[in-house]
Amino acid sequence: MSALNAVDPLDLQKVLSRHLPLYRNKVPVYQAHMLDSLREVWSDRHESLLDIGGGTGVIAEAIATLFPVEHVRTIDLVDRFCTTLSVETAQYDGRTMPFATGSFAAATLNNVLHHVPATERAGLLSEIRRVVKGPLYIKDHASTGWIDDARLTALDAIGNIPFGGMIKAQYLSPREWSELASASGWRIVRTAAPRRYRTGVMAALFPNRLEITLRLDPV
């Protein structure tokens, strides 16, 4: 398909501020870059999409509003979903998704997998492979060692504490991303170009290379 237009942070602010008061006065620049990176690797219009680990659900809501997808559903271990969402929400046990095989055309994992224990990641991706017929879009992080791990831990604290999100995490290296995909029935087919999530001092402290976006296709 032809490339999608960039997400306007002000348009995204309109979507998010309907559900989280924080965004009435805060322009979601980071989230706009994140969605732009997903749009870069997006493969086609999808009839249905499952967002796993959706948190408050506002990113799933933004995808439903701004992306070429007809139906979006979001699930998580804990029900922290905003009550004003238009997308469907559900809670699940973290292992078995309450959907039949091939229920969705595509799926997303947005800044989620590093919070999943390493021993359970292949199982999660295999379960997504069961319920999803098409691509899996992943926005996450890549670490080259303990210094990057410390940087990413700080970023998670900044981004998640205000929303009651998870802080505990183990970050994957580029090699581990490839190995995990292969072990769970997927292959990495596209990687988004680096984006300017942060500038100036923040970019020096937290390099933009820490952010990655992948499209995985089923094998």
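The values are calculated or read from the model by the stated rules, or taken from the named source; none is laboratory data. Everything quoted here is computed from the prediction, not taken from an experiment. Cβ: placed from backbone, ideal geometry, glycine included. Neighbour counts: every protein chain shown.
Considering each residue of segment 2-29, count those that are surrounded by fewer than 17 Cβ atoms within 10 Å (Cβ to Cβ) and either at positive phi or of a type in the set (F, W, Y) (or both), and give that number. The total comes to 0. Checking each residue in segment 100-125 for being within 13 Å of I52 (Cβ to Cβ) and either over 16 Å from the mean Cα position of the chain (by Cα) or not in a helix (DSSP H, G or I) (or both) picks out S103, F104, A106, A107, T108, L109, N110, N111, V112, V116, E120, G123. Listed by position, the strands (runs of 3 or more DSSP E) enclosed by segment 2-96 that each have at least 2 residues that are closer than 21 Å to R215 by Cβ are 46-52, 69-76. Only a single item in (1) at pLDDT below 95; (2) touching a Pro at 6+ places or on another chain (Cβ under 6 Å) is not met by A154, and it is number (2). A single entry from S48, S37, S86 fulfils the requirement of being crowded, with 17+ Cβ neighbours inside 10 Å and more than 14 Å from the chain's Cα centre (by Cα): S48.
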